[in-house]
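Here's the structure, in structure tokens; my notes come after.
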2 protein chains.
Amino acid sequence: MADAEKAALLEQIKAQGEVVRKCKTEKVPKEQVEEEVAKLLALKAQLGDDGPKKFVLKTPKGARDYNPEQMAIREGVFNKIIQCFKRHGAETIDTPVFELKETLTGKYGEDSKLIYDLADQGGELLSLRYDLTVPFARYLAMNKVTNIKRYHIAKVYRRDNPAMTRGRYREFYQCDFDIAGQYDAMLPDAECIRIVAEILDNLQIGDFVVKVNHRRLLDGMFAACGVPDEKFRSICSAVDKLDKTFWTDVRAEMVDEKGLDPASADKIGEYVRFQGGVEVVEMLMKDEALQKQPSAVEALKDMHLLLKYCELYGVLDKVLFDMSLARGLDYYTGVIYEAVLKGYSHQQSTANAEEQVGVGSVAGGGRYDGLVGMFDPKGKKVPCVGVSIGVERIFSIMEAKAQSSAVKIRTTETEVYIISAQKNLVEERLRLCSELWAADIKTEQSYKCNPKALDQFQYCENNGIPIAIIIGQSEIEKGVVKLRNVATREEREVRRTDMVQEIKKTLAGLTAVDTGLDGN
Amino acid sequence: MADAEKAALLEQIKAQGEVVRKCKTEKVPKEQVEEEVAKLLALKAQLGDDGPKKFVLKTPKGARDYNPEQMAIREGVFNKIIQCFKRHGAETIDTPVFELKETLTGKYGEDSKLIYDLADQGGELLSLRYDLTVPFARYLAMNKVTNIKRYHIAKVYRRDNPAMTRGRYREFYQCDFDIAGQYDAMLPDAECIRIVAEILDNLQIGDFVVKVNHRRLLDGMFAACGVPDEKFRSICSAVDKLDKTFWTDVRAEMVDEKGLDPASADKIGEYVRFQGGVEVVEMLMKDEALQKQPSAVEALKDMHLLLKYCELYGVLDKVLFDMSLARGLDYYTGVIYEAVLKGYSHQQSTANAEEQVGVGSVAGGGRYDGLVGMFDPKGKKVPCVGVSIGVERIFSIMEAKAQSSAVKIRTTETEVYIISAQKNLVEERLRLCSELWAADIKTEQSYKCNPKALDQFQYCENNGIPIAIIIGQSEIEKGVVKLRNVATREEREVRRTDMVQEIKKTLAGLTAVDTGLDGN
């Protein structure tokens, strides 16, 4: 490194050092301090001195590891969700984590800036998937699939500035269920709502409401309010902010930023206040301005039928028709949904509305009849409707629940631990393990040749292992083992030849091992 | 676009058009043709004409979608592997798909060039993970975990030029099991071999052998053959190619490219031919040149103990000590393994050795005692050993097996299909579905209001759905439904109030639904 370069680098290090010191004294959030420290270490690493290399020990911004307790919770949540998808006859597919960059271009409106690109290392230009819907549409068009009911659980990537304390990340899971095919109105759409209700009920994370609206009703409303066609999308994305911002701010965005006539904005302001059940739909059906808009008439007819099907599916009490629901993504064309946990609504604390933004949203989706056609060389359409379960939010809630509960989460399923009561019995322990594994019994032992008896007993208790098999020289000579119930500390001798059978009987007799998560 | 630019672009398009034509006439592999066509379409897209946009409908090079049949196979394989990991008491963790670039730097030797970088869009420099081992070591150091037995199943990324027909991709799954902790010699190492044997036995993909060697034995051998210390790693990576190349080529690489003394190379050539069981280890223990190398003496002692433990674990017949096994990755420090399917060994067809390269390798791993220390600020070491199951290879074998079998793979688990025998019964069907879902019975129905009876019956047969519930106006009036066994076509009336109970009884009585994959 040239001296001038080095001097410049040392200056940068000094400046960054001061940023870090300032962060620490001013008690900014831990996460931000870590980032500034990381920058400092990265600068120092460039010095390339010969000392032991300083690694920046962190995950990338907005990404996180899952430890075994978190994984146990995650597995429990996924199992319940998959069980529901399978109950509705869904198959599953998988797509690559990256797509050709152009596959994602023009699908996400204002959010496209959040797409992660891969570096151009020669070859194709690639981006990380932003959701699972666009890859699904690409899959359908590429494989000429015209009807399928599939779920897809995978990670997606958004270069957002996430508030991780509230369960929002740059890398996060989506759990999507979609029905593709040319079907009769509202039958698949209503099943999606039923699925959301089944899953949220089953996870027991509190009372919720599934808000529904219709993109063509929004379009009709915009037309009725005098919004010019070319402004529909941008005005729609302003309405989308109503769940997190006050009307006055949304109105300002429409009028000042997006150049909408103030009178039009005020008319929109009247409509977006409507919410309720079938009575609101019926009232809007009589609205003179809307009656002149074919798209609104059609959409209200859809809404009416959707609510009827929801009633037959026994979920009408969970559904709220809400004219202010817009959803940002460009590709929706029909019904749109959003499930919100009631306890987390931002209306709770209007003083701090920004902080509570959308915390309660745990599922969303809608109909997107045009997306597959964007990929088909002949523009052939495949109508689709689907929902995405916001599992990261659900994980956060379940983690908080687990932390406040006294029940320890088991992260393994070990049934038997082999204990040697004396020295020099490692070979016999290996033989026993081998036998139990062959019988499909989940078995562990110490990785030390001569472990202390107390350590072995404690391992069983700390890890919730129900049975210990204890051997000593005398047991080996007698051809028996001791079978210990770890919880009750009862012990009995069983013949070595009966061991597998006795263990299986004992396991069946014990209460199903509690993992702290029912149905796990 | 300026005219000059446009002219240049048109030139490029013309040239690329000729490349495509040439490809097509010369019958180059389909995959390559598709790539050249994609380049052509990308160039044409730059023209930005107003016609319908041409999309390049493909997944990125080296990546693929999984369709529902492939997913059913994948799920079956994963379930068996996870079952084995859990049988051995493992927990699971997850890490992000990308890491800070510097986390991966300096861990993969010559393979580092294959790492995918993300574009610099401001913020940290990131790379996609290359394996699960380095992120695991980063996780241990970052969280100060000193012992854990964990599995991790996730996708990894390598910018290789893969032969996809042979189950090699740029995006592929790894299934890793690792034991971290300061334990007694060879106890965790032997369990890893047992796990590989259990999994491969269980998957029934054919006879296999687990080759074992020891990095410190290789080091000792290199020293005994007069290889200078600083050449150990590069000579080791040459030896690593012995499973796919002839000795004469490897020798040439050592002598001509890497400047090794020909006499040293010839001595190595003698040693790497040794393979066998404990008798070979005992013979090498008496080898005068090796006896002078402390690392070789120590490694041979390890090998001897490892083979004894493998015998106690009942897997000695699957293990082959092989002095030519090297494994390329820089981080291994002790025992190394590689499981090879016997039917796929390249020795089968020496005429076409290049084509058969490593097709048989289905698992690999080893001990890496230094990797965690590379991340710890104080260099604190956590000894680790683990194996990685090559599931993509296994998927390919299972897919080929499924294709050649007559049994159709079920991709859903639907138990009941609701059929309406007449028109205008959609509402009743919705009620029935709702009731069955609430009883956790996997139920489907048509998404049409008035589907044809024949279509509904065929759907059941095509999808292997065991039970159909049939309703018509007369059934509704009588308060009954018809329960049909789809396979036998037997039908009987059951009271509507008994329906759930009757279905459950019938399902329990039917042979377990065959998914075409046992244990799925």
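The values are calculated or read from the model by the stated rules, or taken from the named source; none is laboratory data. Because the structure is a prediction, the values reported are computed rather than measured. Cβ placement follows ideal geometry from the backbone for every residue including glycine, while neighbour counts extend to all protein chains displayed. The area values use the complete protein model at the heavy-atom level, side chains included, leaving out ligands, DNA and RNA. Shrake-Rupley method; radii C 1.70, N 1.55, O 1.52, S 1.80 Å.
Summary table below
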| item | result |
| --- | --- |
| Subset of the range B:81-110 (residues that are assigned to a helix (DSSP H, G or I), open to solvent by 10 Å² or more (accessible area, probe 1.4 Å), at the interface with chain A (Cβ under 9 Å from one of its Cβ atoms) and more than 17 Å from residue B:197 (Cα to Cα)) | B:102 |
| Residues satisfying the stated conditions in the range A:121-133, i.e. more than 11 Å from chain B (Cβ to nearest Cβ) and either surrounded by fewer than 17 Cβ atoms within 10 Å (Cβ to Cβ) or of a type outside the set (S, T, N, Q) (or both) | A:130, A:131, A:132 |
| Cβ pairs under 9 Å, 6+ apart, first in the range B:234-262 and in the same structural domain as residue B:336 (by the TED database) and aromatic (Phe, Trp, Tyr), second open to solvent by 40 Å² or more (accessible area, probe 1.4 Å) and not in a helix (DSSP H, G or I) | B:247/B:273 |
| Residue check, residue A:214 buried (at least 21 other Cβ atoms within 10 Å of the Cβ) and either away from chain B (no Cβ under 14 Å) or without any contact (Cβ under 8 Å) to a residue 60 or more places away in the chain (or both) | yes |
| Yes/no for residue A:434 being exposed (fewer than 12 other Cβ atoms within 10 Å of the Cβ) and either assigned to a helix (DSSP H, G or I) or not assigned by the TED database to the domain that holds residue A:175 (or both) | no |
| Whichever residue in the range A:256-291 is part of a helix (DSSP H, G or I) and among the polar types (S, T, N, Q) and, among such residues, is surrounded by the fewest Cβ atoms within 10 Å (Cβ to Cβ) | A:291 |
| Residue check, residue A:245 within 19 Å of residue A:188 (Cβ to Cβ), open to solvent by 20 Å² or more (accessible area, probe 1.4 Å) and of a type in the set (Ser, Thr, Tyr) | no |
| Yes/no for residue A:198 being under 27 Å from residue A:318 (Cβ atoms) and either touching a helix residue (DSSP H, G or I) at 6+ places or on another chain (Cβ under 8 Å) or within 14 Å of chain B (Cβ to nearest Cβ) (or both) | yes |
| Criterion: free of Cβ contacts under 8 Å to residues at least 24 places away in the same chain and either crowded, with 20+ Cβ neighbours inside 10 Å or among the aromatic types (Phe, Trp, Tyr) (or both) - qualifying residue of A:118, A:140 | A:118 |
| Number of the condition not met by residue A:317 [criteria: (1) more than 14 Å from chain B (Cβ to nearest Cβ); (2) closer than 28 Å to residue B:437 by Cβ; (3) among the acidic types (Asp, Glu)] | (1) |
| Test: residue A:401 is in a loop (DSSP other than H, G, I, E, B) and either open to solvent by less than 10 Å² (accessible area, probe 1.4 Å) or at pLDDT below 95 (or both) | no |
| Candidate set from the range B:174-185 (those that are of a type outside the set (S, T, N, Q) and more than 10 Å from chain A (Cβ to nearest Cβ)); member that is farthest from residue B:298 (Cα to Cα) | B:175 |
| Among (1) part of a loop (DSSP other than H, G, I, E, B); (2) out of contact with any strand residue (DSSP E or B) (no Cβ under 9 Å at 6 or more places or on another chain); (3) within 7 Å of another protein chain (Cβ to nearest Cβ); (4) not charged (D, E, K, R) - the single one residue A:141 does not satisfy | (1) |
| Residue A:151 modelled with pLDDT of 95 or more and either buried (at least 21 other Cβ atoms within 10 Å of the Cβ) or not in a helix (DSSP H, G or I) (or both) | yes |
| Of residues in the range B:408-431 being within 7 Å of chain A (Cβ to nearest Cβ) and over 24 Å from residue A:308 (Cα atoms), the one most open to solvent (accessible area, probe 1.4 Å) | B:413 |
| Number of positions in the range B:292-304 that are in a helix (DSSP H, G or I) and either open to solvent by 50 Å² or more (accessible area, probe 1.4 Å) or not assigned by the TED database to the domain that holds residue B:224 (or both) | 5 |
| Flag if residue B:441 is in contact (Cβ under 8 Å) with a residue 60 or more places away in the chain and open to solvent by less than 20 Å² (accessible area, probe 1.4 Å) | yes |
| Residue within the range B:337-351 that is assigned to a loop (DSSP other than H, G, I, E, B), open to solvent by less than 20 Å² (accessible area, probe 1.4 Å) and at pLDDT below 95 present | no |
| Pairs where the first residue, in the range A:444-465, is open to solvent by 50 Å² or more (accessible area, probe 1.4 Å) and the second is assigned to a loop (DSSP other than H, G, I, E, B), C-beta under 6 Å, 6+ apart | A:448/B:184; A:450/A:423 |
| Meets criteria (in a helix (DSSP H, G or I), open to solvent by less than 30 Å² (accessible area, probe 1.4 Å) and in contact with a helix residue (DSSP H, G or I) (Cβ under 6 Å, 6 or more places away or on another chain)) for residue B:307 | yes |
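Let's see how each residue does on (1) assigned to a strand (DSSP E or B); (2) open to solvent by 10 Å² or more (accessible area, probe 1.4 Å); (3) among the acidic types (Asp, Glu); (4) modelled with pLDDT of 95 or more:
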residue: B:169; (1), (2), (3), (4): no, yes, no, no
residue: B:176; (1), (2), (3), (4): yes, no, yes, yes
residue: B:190; (1), (2), (3), (4): no, no, no, yes
residue: B:199; (1), (2), (3), (4): no, no, no, yes
residue: B:202; (1), (2), (3), (4): no, yes, no, yes
